[in-house]
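Structure first, then comments.
The values are calculated or read from the model by the stated rules, or taken from the named source; none is laboratory data. Predicted model, so just to flag it, every value in this text is computed and none were measured. Counting neighbours? That spans all protein chains shown, and the Cβs are built from the backbone with ideal geometry, glycine included. Ligands, DNA and RNA are stripped out before the accessible areas are found, and what is left, the full protein with its side chains, is counted by its heavy atoms. Shrake-Rupley method; radii C 1.70, N 1.55, O 1.52, S 1.80 Å.
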Amino acid sequence: MPLDSQNSGPFVKSANHKEDNSVNYSGAQSLKSTLSSAYRFFWKSGRSHFFFVEGGSTQHVRSFLNKKNKKLLIISTGRGESSLKYAEVCHELKSTGFDIIVVDHRGQGFSERFIETGNLGHIENFGDYAADLEACIVNFKDLKKNSGGGYQKTLILGHSMGSCVA
């Protein structure tokens, strides 16, 4: 049985290949282990912050900070995404000398919704996303400065809508 649903790609078996249910796809085990480590890192090493935003709701930001880091990486998530989606990215980048913050834009991820309809996101003005992101960045830069340090470099990694916001 092929691993993909289209019977194409690198996992298609030849017509003469006999099905062997004892085959252990070590890649799947490796992925499971990697994701497990990433989620453990996300929840144990990260810290959640909630900021009040104009309009009366709160915005969630997940941070991974280290006093010795001199660079800041901001991850600006896409529409409907949660900071949790970036657990593996944060885990992979943890030793690069960057403090990392992952922003759940207003009405997205773990941030509060403006309307009561479940997970439906709504915003009055797209510019509010940019204003929220700017306030968030200033907050973390001030936090670093007040602890006797500062950032020598700041980078933003944006995905989809998060790129437009950045």
Answer yes or no as to whether Ala38 is modelled with pLDDT of 95 or more, touching a helix residue (DSSP H, G or I) at 6+ places or on another chain (Cβ under 6 Å) and over 20 Å from Gln152 (Cα atoms). no
The residue that is farthest from Arg113 (Cα to Cα), considering only those in the range 31-58 that are in contact (Cβ under 8 Å) with a residue 60 or more places away in the chain and loosely packed, with under 14 Cβ neighbours inside 10 Å, is Ser48
Give me the strands (runs of 3 or more DSSP E) completely within the range 70-166, filtered to those with at least 3 residues that are open to solvent by less than 50 Å² (accessible area, probe 1.4 Å) and free of Cβ contacts under 8 Å to residues at least 60 places away in the same chain, ordered by residue number. 98-104
Step by step: first the residues of the range 41-58, then only those that are more than 21 Å from Thr154 (Cα to Cα) and in a strand (DSSP E or B), then the one that is modelled with the highest pLDDT. Which residue is that? Phe50
Is it true that some residue in the range 104-125 is closer than 23 Å to Phe42 by Cα and modelled with pLDDT of 95 or more? yes
